[in-house]
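Reviewing the structure listed below.
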Amino acid sequence: MTKRLVIAADHGGVEMKDALVERLRTAGYQVEDLGTHGSESVHYPDYAFIAAEKVASGEFSHGVLVCGTGIGMSIAANKVKGVYCAKVNSEEEGRLAAEHNHANMLAFGGRTTEVNVAFKAIVAWITTAPGEGRHTERVNMIKARDMV
Ligand code: RB5
């Protein structure tokens, strides 16, 4: 089955985003690119929210966000109910974001992480099954907060 993901960036992450789109498509993934396109300064919450809504609604199972550090994007995305966004910085963290945390979005720092590392983290995350047992129990504790 072809894996579909949505991706968005601000001006601080656009270079990495464009490189990731190309690499992911070459690797066989279907990628919807929500922008930004170009170096003009934009507001990262706008891009985080539009991508996060597409994951929260179920249109996409996976979403990737890139800003300068990945910090602003992850904070904004996690404000959207049903989104569990992890800012990761290695292939191992990508794998663990799936296995331990059931993250449905990843955030990267375009100015702080290498594209190759981000690409490997995304592939590890998408191809790793969510852990069961204690991991599900802990994730459910977080999900329960959505109900409050
Ligand atoms: C933009 O300069 C920068 O603040 C943004 O890309 C991001 O790093 C915010 O967390």
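For region 101-128, filtering for residues that are open to solvent by less than 70 Å² (accessible area, probe 1.4 Å) and free of Cβ contacts under 8 Å to residues at least 40 places away in the same chain leaves 7.
Right, ARG134: away from the ligand (no atom under 16 Å from the Cβ) and surrounded by fewer than 18 Cβ atoms within 10 Å (Cβ to Cβ) or not? So ARG134 fits the description; yes.
Just the residues that are touching a helix residue (DSSP H, G or I) at 6+ places or on another chain (Cβ under 7 Å) and either among the small types (Gly, Ala, Ser) or closer than 17 Å to ALA124 by Cα (or both), please, taken from region 55-65.
Within region 55-65, the first condition is being touching a helix residue (DSSP H, G or I) at 6+ places or on another chain (Cβ under 7 Å), and the residues that meet it are 60, 62-65.
Passing the criteria: HIS62, GLY63, VAL64, LEU65.
Do you know which residues across region 83-95 are touching a Gly at 6+ places or on another chain (Cβ under 9 Å) and away from the ligand (no atom under 16 Å from the Cβ)? Write out each step before concluding.
If we filter region 83-95 for residues that are touching a Gly at 6+ places or on another chain (Cβ under 9 Å), which is where we start, we get 83, 85-89.
VAL83 - this is the single residue of region 83-95 that is touching a Gly at 6+ places or on another chain (Cβ under 9 Å) and away from the ligand (no atom under 16 Å from the Cβ).
Working carefully through the options GLY63, GLY38, GLY82, find the one that is touching a residue at least 12 places away in the same chain (Cβ under 8 Å), among the small types (Gly, Ala, Ser) and either over 18 Å from ARG4 (Cβ atoms) or in contact with a His (Cβ under 8 Å, 6 or more places away or on another chain) (or both). Only one candidate qualifies: GLY38. The set of residues in region 8-20 being open to solvent by less than 10 Å² (accessible area, probe 1.4 Å) and away from the ligand (no atom under 15 Å from the Cβ) consists of LEU20 alone.
Among the residues of region 28-82, those identified as open to solvent by less than 60 Å² (accessible area, probe 1.4 Å), touching a Gly at 6+ places or on another chain (Cβ under 6 Å) and either farther than 15 Å from GLY13 by Cβ or within 10 Å of the ligand (Cβ to nearest atom) (or both) are VAL55, ALA56, VAL66, CYS67, GLY68, THR69, GLY70.
The values are calculated or read from the model by the stated rules, or taken from the named source; none is laboratory data. These numbers come from a predicted model, not from an experiment. Note: ideal-geometry Cβ built from the backbone for every residue, glycine included; neighbour counts use all protein chains shown. Note: accessible area is taken over every heavy atom of the protein model, side chains too, but ligands, DNA and RNA are not part of it. Shrake-Rupley method; radii C 1.70, N 1.55, O 1.52, S 1.80 Å.
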